[in-house]
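Asker: Structure provided below as structure tokens; questions to follow.
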Amino acid sequence: MPAAAPLRITADSRYTVWVNGHEAARGPGRGAAGRLLYDVVDVARWLVPGDNAICVLVRFYGEANAWWRPVTPTFSHGAGVLLAELELPSGVLGTDRSWRHQTSPAWTPQKPSGVGHAVPEVLDGALWDPAWLEPGFDDTGWVPARVLTTLHLGGTARSTPPADPYGPLLENPAPPGEPVERPVRWLRERRGPDPGGEHGPADLVAAVDAEAGPDSVPVELPFTTVLEPGVAVLLTAGWDQVVAGTLVFELDAPPGVLVDARPAEDLDERLRLRPFQHGYAARYRTRAPAPAIT
């Protein structure tokens, strides 16, 4: 196996890349519109003799948020793109029509819930098959990737960097590093009526927070609770410091349970959301466990 295997990768707007089921990186880093950055990640540690799987989840936000702004589109670029190349001793493996893709039905398209709010992420776990991350996954139902050719009026009309609207493609000066875990410092539980209806994740969390009982109960991880019909369980977690990154937790729940997560920069003295907090949130619907392999 090679001692080093640099993977250069970027996307408009966001990517997560796995190598043989191991998450290798997320990106690209925040940058100015029209100056797309690419990341360099050494993936040699995850390569194995024989077949390997490089899998990329790409999301195009479509709406500006706190960490991404859309570029001025051309006839062919500006509505989502993935660019990657893996340097191996035998040559360079790059994104082309030999790659295959599928638009996942697990994500539900969303709109911001208000002015200045980011587009929420809504994922139905029942429609997410984690087997696609492994070597040997049958992707015959997927379609070849579309190679985008630069088409626009004026400019350079180049299909290689620098090309409009993404610019020269500069290497990220702060590439993805090894993950740093920051465990939750404290956790409290409250319960309140389930508002139901068509609330988005940010509004649902705010509604439960406003109606839940005034007294919160300190709990510790691992935490077990009993779900009741018509009752929402509200967990408030704190780090006692400013943290930025990816929220990671493990949940063992019946299929079909809605889990909404909403970050907050500050809480009031009763550990409730303050008015006019940024309205970003995410929703996950739990899936049934994978069947046992015999």
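The values are calculated or read from the model by the stated rules, or taken from the named source; none is laboratory data. Quantities reported herein were computed from a predicted structural model and do not represent experimental measurements. All Cβ positions, even for glycine, are placed from backbone atoms using ideal geometry, and neighbour counts span all protein chains on display. Areas reflect the complete protein model, heavy atoms only, side chains present, ligands, DNA and RNA absent. Shrake-Rupley method; radii C 1.70, N 1.55, O 1.52, S 1.80 Å.
Asker: With contacts defined as alpha carbon pairs under 8 Å and 6 or more residues apart, what's the relative contact order of the chain in percent?
Answerer: 19 percent
Asker: I need to check one value: relative contact order of the stretch 45-184, counting alpha carbon pairs closer than 8 Å and at least 6 residues apart, in percent. It would help to have the intermediate numbers written out before the result.
Answerer: Numbers: 141 pairs, mean separation 36.1, N = 140.
Value for the stretch 45-184: 26 percent.
Asker: Once neighbouring chains are kept in place and the probe is 1.4 Å, which whole percent of the accessible area of the chain is contributed by carbon and sulfur? Mind showing how you got there, number by number?
Answerer: Values: 10290 of 18600 Å².
Using a 1.4 Å probe with all protein chains present, the chain comes out at 55 percent carbon and sulfur.
Asker: Next question. Can you give me the accessible area per residue for the chain, using a 1.4 Å probe, in Å²?
Answerer: The answer is 63 Å² per residue.
Asker: On to the next question. Given springs between every Cα pair under 10 Å in a Gaussian network model of the chain, which of Pro165, Pro28, Pro144 has the largest fluctuation?
Answerer: Most flexible of the set in this elastic network: Pro144.
Asker: Loop only by DSSP, 12 or fewer other Cβ within 10 Å of the Cβ. Give me the GluC sites (Glu not before Pro) in the stretch 140-238 that pass, ordered by residue number.
Answerer: Sites meeting the loop and neighbour criteria: Glu181, Glu198, Glu220.
Asker: Compute the length gained on full extension between Ala64 and Leu127: take 0.36 nm times their separation in residues and subtract their Cα-Cα distance, giving the result in nm to one decimal.
Answerer: Computed gain between Ala64 and Leu127 is 20.0 nm.
Asker: Let me ask another. DSSP loop (so not H, G, I, E, B), at most 16 other Cβ within 10 Å: list which trypsin sites (Lys or Arg not before Pro) in the stretch 14-64 pass both filters. Walk me through the intermediate numbers first.
Answerer: Details: sites: Arg14, Arg26, Arg30, Arg35, Arg45, Arg59; in loops: Arg30, Arg35.
Those that pass, being in a loop and sparsely packed, are Arg30, Arg35.
Asker: In degrees from 0 to 90, rounded to the nearest 10, what is the angle of the helix 201-211 Cα long axis to the longest principal axis of the chain?
Answerer: 10 degrees
Asker: What full-extension length gain, to one decimal in nm, is calculated for Gln277 and Phe75 as 0.36 nm per residue of separation minus the Cα-Cα distance?
Answerer: 69.0 nm
Asker: Over the stretch 251-293, what relative contact order in percent results from Cα pairs under 8 Å that are six or more residues apart?
Answerer: Rounded, it is 52 percent for the stretch 251-293.
Asker: Calculate the dipole size of the stretch 18-64 relative to its Cα centre from +1 charges on Lys and Arg beta carbons and -1 charges on Asp and Glu beta carbons; express the result in debye to the nearest 20.
Answerer: 180 debye
Asker: Further question: Where is the GNM fluctuation largest for the chain (alpha-carbon springs, 10 angstrom cutoff): Val243, Val143, Val208?
Answerer: Between Val243, Val143, Val208, it is Val243 that shows the largest mean-square fluctuation.
Asker: Moving on. What residue among Val56, Val147, Val242 shows peak mean-square fluctuation when the chain is described by a Gaussian network model with Cα springs under 10 Å?
Answerer: In the Gaussian network model the winner is Val242.
Asker: While we're here: Note the full-extension length gain between Leu235 and Phe137 as 0.36 nm times their separation in residues minus their Cα-Cα distance, in nm to one decimal.
Answerer: Net length gain for the segment: 31.6 nm.
Asker: Report the dimensions of the chain along its three principal axes from the alpha-carbon atoms, largest first, rounded to Å.
Answerer: Principal-axis extents of the chain (Cα, largest first): 61, 54, 35 Å.
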